[in-house]
Amino acid sequence: MTLIKSISGIRGTIGGSTGDNLTPIDAVKFASAYGVWLKQQRVKEDYRVVVGRDARISGEMIQNLVMNTLVGLGIHVIDLGLSTTPTVEVAVPLEHADGGIILTASHNPKQWNALKLLNAKGEFLNGEEGAKILDIAESDEMSFSDVDHLGKITKNDAYIDIHIDEVLDLDLVDAKAIADAKFKVVVDGVNSTGGIAIPLLLERLGVEAVKLYCEPNGHFPHNPEPLKEHLGDLANEVVKHNADFGIVVDPDVDRLAFMDENGEMFGEEYTLVACADYVLSKTPGNTVSNMSSTRALSDVTNAHKGTYEASAVGEVNVVDLMKKNNAIIGGEGNGGIIYPELHYGRDALVGVALFLNLLAERKTKVSELRASYPSYFMSKNKIALTPELDVDAILEEMANKYSHERLTTIDGVKIDFSNSWAHLRKSNTEPIIRIYTEAPTQTEADELADKIIADIKAIANI
């Protein structure tokens with residue numbers, strides 16, 4: 001059982017001992033620290049925080065604990081109930097709120113939950129802000145409101161519809177063109193809130209949606225990370241229904257992957273590539289993704305005469321670099337689309353709309369679209385950490401070993417070879433080292449990963 005305290009939020013397993021898991025006491029502790037930090041940012045009469053959750057079994061319990069903790073601090077809560085991470089991000093500025101909290105552990109299995117923390121812009125906190133909240137949580141700085149100054153909870157279950165309205169209002173989303181194409185799509189909502197939001201969006205766009213695992217009960221029918229090995233049922237349904245393609249999202253709907261008409265994965269890494277291709281064809285500009293994302297985005301950006309830059313891993317790092325470089329689209333290779341015209345956050349809903357417009361305009365099959373992009377293959381691996389391992393020393397040794405290659409060390413170690421790369425880094429959310437490699441063929445990517453893993457094990461004597 002695990003409790004991970006990081007700048008990106010508080011994530012842990014439900015049950016067990018306090019301080020080692022995400023227990024009710026831990027949920028209250030960190031919600032309190034966030035509320036105290038929020039009140040330190042600005043002195044005012046009323047504070048407001050938007051709170052929503054995915055459909056995890058523990059979600060209602062954790063949400064009630066978090067909301068009532070904020071009430072005890074004199075903070076008013078806008079309760080979105082079942083929602084998505086991007087919906088909460090959209091709601092924060094629309095509600096003129098001071099911040100937001102999403103209760104979700106993203107792609108982690110059902111025993112996990114987490115508090116994802118937002119600022120007044122509806123964006124994730126930066127490292128300094130996250131560190132301050134962790135400091136407050138371990139201090140005696142918390143002071144709660146008296147009985148005459150408690151906050152109130154206001155329910156608002158309209159925000160998924162409002163979020164869809166905001167997507168449809170985008171200049172590059174042509175609902176009529178999509179409806180005229182008469183698409184049929186199978187949607188795997190992994191029995192979470194994507195099963196609510198994605199079919200509603202498709203209905204508004206005139207797309208026929210075949211629902212698969214769209215009951216938001218938190219009983220994930222397969223591993224909720226949207227990877228090929230977990231999506232056999234989706235592949236079968238796409239072929240069975242003669243659908244144009246399949247859509248799968250993670251439990252909080254900030255990651256998006258597609259499956260082609262043959263039941264083959266479009267490639268999670270290529271979600272951003274395709275959406276960027278469409279956006280850049282209409283509004284030329286720059287792009288950003290993180291260092292663990294495919295080179296194909298750089299290739300497509302260059303083809304549209306734009307500039308591509310790579311950030312450290314983590315949504316907040318991608319967003320920071322997008323702002324600095326005036327990027328018009330960006331995201332992460334795990335299927336996270338960030339389109340600033342809507343908001344600075346990964347958003348599967350806007351990704352679906354942009355992808356549908358690309359297909360409607362090109363009048364091509366999804367398999368043919370995928371074949372039109374530069375072809376790279378990725379291998380994603382991880383090594384579990386033990387407390388005695390000095391991970392920083394291991395990464396330093398790896399950098400020394402490959403010092404003759406082009407290295408980037410802003411986030412772990414990335415080794416760029418002539419036609420491939422390897423990225424090694426500590427995870428922000430799990431006690432592991434991630435090893436990502438990319439090469440022109442899957443065999444080459446796997447072989448490079450095996451070599452890097454063998455190097456790490458030799459250095460660490462494991």
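How about the stretch 300-332: which of its residues are at pLDDT 95 or above, crowded, with 23+ Cβ neighbours inside 10 Å and not in a strand (DSSP E or B)? Within the stretch 300-332, 300, 301, 318, 319, 322 qualify. Among the residues of the stretch 260-299, those that are assigned to a helix (DSSP H, G or I), touching a residue at least 60 places away in the same chain (Cβ under 8 Å) and under 18 Å from the mean Cα position of the chain (by Cα) comprise 268, 269, 270, 271, 272, 273, 274, 275.
Looking at 243, 257, 179, can you tell me which residue is outside the structural domain of residue 53 (by TED's automatic domain parsing), touching a residue at least 12 places away in the same chain (Cβ under 8 Å) and either assigned to a helix (DSSP H, G or I) or over 22 Å from residue 370 (Cα atoms) (or both)?
179
In the set (1) more than 29 Å from residue 346 (Cβ to Cβ); (2) assigned to a loop (DSSP other than H, G, I, E, B), the condition left unmet by residue 148 is number (2). Residues in the stretch 19-29 that are in a loop (DSSP other than H, G, I, E, B), over 13 Å from residue 114 (Cβ atoms) and in contact (Cβ under 8 Å) with a residue 40 or more places away in the chain: there are none. Scanning the stretch 38-52 for residues that are part of a helix (DSSP H, G or I), out of contact with any Lys or Arg (no Cβ under 9 Å at 6 or more places or on another chain) and among the aliphatic types (A, V, I, L, M) turns up at least one hit. Determine if the stretch 173-190 includes at least one residue that is crowded, with 23+ Cβ neighbours inside 10 Å, under 23 Å from the mean Cα position of the chain (by Cα) and within 24 Å of residue 63 (Cα to Cα). Scanning the stretch 173-190 turns up at least one residue that is crowded, with 23+ Cβ neighbours inside 10 Å, under 23 Å from the mean Cα position of the chain (by Cα) and within 24 Å of residue 63 (Cα to Cα). Restricting 81, 16 to residues that are in a loop (DSSP other than H, G, I, E, B) and surrounded by fewer than 22 Cβ atoms within 10 Å (Cβ to Cβ) narrows the list to 16.
Among the residues examined, residue 140 qualifies as modelled with pLDDT under 95 and surrounded by fewer than 17 Cβ atoms within 10 Å (Cβ to Cβ).
The values are calculated or read from the model by the stated rules, or taken from the named source; none is laboratory data. Everything numeric in this text was worked out from a predicted model, so none of it was measured. Cβ coordinates were reconstructed from backbone atoms using ideal geometry, including for glycine residues, and neighbour counts include every protein chain displayed.
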